[in-house]
Every structure is written in structure tokens, then in C-alpha cells.
Amino acid sequence: MENPLQTNYVKVTDRENGPPRYSFNWIISKRTFFRVYRDRIKVGKWKIPFNEIENITLYHTKQLIFSVKLLSIKTKEKEFQIGFNPWVNPIQFLPLNINHEEVKMQYSVFSIVYRVVVLAFLLYWFFGN
């Protein structure tokens, strides 16, 4: 069996499209291994041959005080977004033409409502008694 060129533990979702954003899809995303082989990427149960990739973009963004990287892989059937830990170089062994974009994380309606509810609860807990 072939050994991977690179292995990282990641969060991955196939429910997001476009630039990265805070959303419920990231809460329920899969935690799995990202493996790069000579001819394909394997992320959890998904196998993505290099020749099926139509577009691949590495987004650079900030989350709190950390600089993070999110890899977006588009094929004909799906788009995958893969979140890496700040210290990982996710494209080190990818022999593909990779687009790079510097973006600011956007907020989904769910993430805004969630933050308002948590803030209201904390204010009630501290000052409501």
C-alpha cells in the first residue's frame, strides 16, 4: 500500500460554497485526515483524483488571533472546504496550480443569531440576578 506524502488532521465540509464563513456547517463538519498521494487527495471517505479537480483555492484568513488556511477544492460534482491548523502548510505536496486569496471571514445568519443569543445569556447571567 502506498504511503501518503502528507497527512494532517483537518475539519472538512462539503456543504459550503464560495469564500469561507462562520456557519453551522462548520460546527457539524467532519474531523478527519487529509492525505496527499502522488495522484490524488483523500479526505476521510472522499477520494479526489488530481485530474478531476477543476479549481483549487487556498484562502488565507484570520480566526481570532490566529492566521489560518482553508483549502477549497472544486470538482464537477462537489466543492470541499478543508480547514487546517495554523502551523500546517497544506499545499506543500500538491502538484497543482493553486489560487491564493486573502479574505476576511464572513458570518452566516446562524452564526450572527448564535452570537447574539450567547451574549444575551451572558448579560442576563451576570446582571440579571
Set of aspartates and glutamates with alpha-carbon distance to LYS74 below 17 Å, sequence-local pairs under 8 removed
ASP14, GLU16, ASP39, GLU52, GLU54, GLU101
Relative to a virtual label point 7 Å from the Cα of LYS47 in the Cα→beta-carbon direction, which members of region 68-91 show backbone nitrogen distances below 19 Å?
74-80
How much of the DSSP beta bridge set in the chain is antiparallel, as a percent to the nearest 5?
85 percent
Where does region 7-80 land on the Kirkwood hydrodynamic radius, alpha-carbon pairs, in angstrom?
13.1 Å
Counting each DSSP H run of 4 or more residues in the chain as -39500 (n - 2.57), what helix-only mean residue ellipticity at 222 nm follows after dividing by all residues, to the nearest 500 deg cm²/dmol?
-5500 deg cm²/dmol
Express the relative contact order of the chain as a whole percentage, based on alpha carbon pairs under 8 Å and six or more residues apart in sequence.
26 percent
Longest the chain segment clear of GluC sites (Glu not before Pro) sitting in DSSP loops (not H, G, I, E or B) with at most 13 other Cβ atoms within 10 Å runs 78-129
If one computes P(r) from the Cα atoms of the chain, what percent of pairs lie at distances over 23 Å?
37 percent
Simple label model, 7 Å out from Cα along Cβ direction - GLU101 to PHE121, nm:
3.3 nm
C-alpha long axis of helix 109-127 to longest principal axis of the chain, angle in °:
40 degrees
Surface accessible to a 1.4 Å probe, per residue, for the residues of the chain, Å²
67 Å²
Can you sort TRP125, TRP46, TRP87 by solvent-accessible area, 1.4 Å probe, largest first?
TRP87, TRP125, TRP46
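The values are calculated or read from the model by the stated rules, or taken from the named source; none is laboratory data. The structure displayed is predicted, hence computed values, not measured ones. Note that we place each Cβ from the backbone using ideal geometry, even for glycine, and neighbour counts take in every protein chain shown. Only protein heavy atoms, including side chains, enter the accessible area calculation; ligands, DNA and RNA are left aside. Shrake-Rupley method; radii C 1.70, N 1.55, O 1.52, S 1.80 Å.
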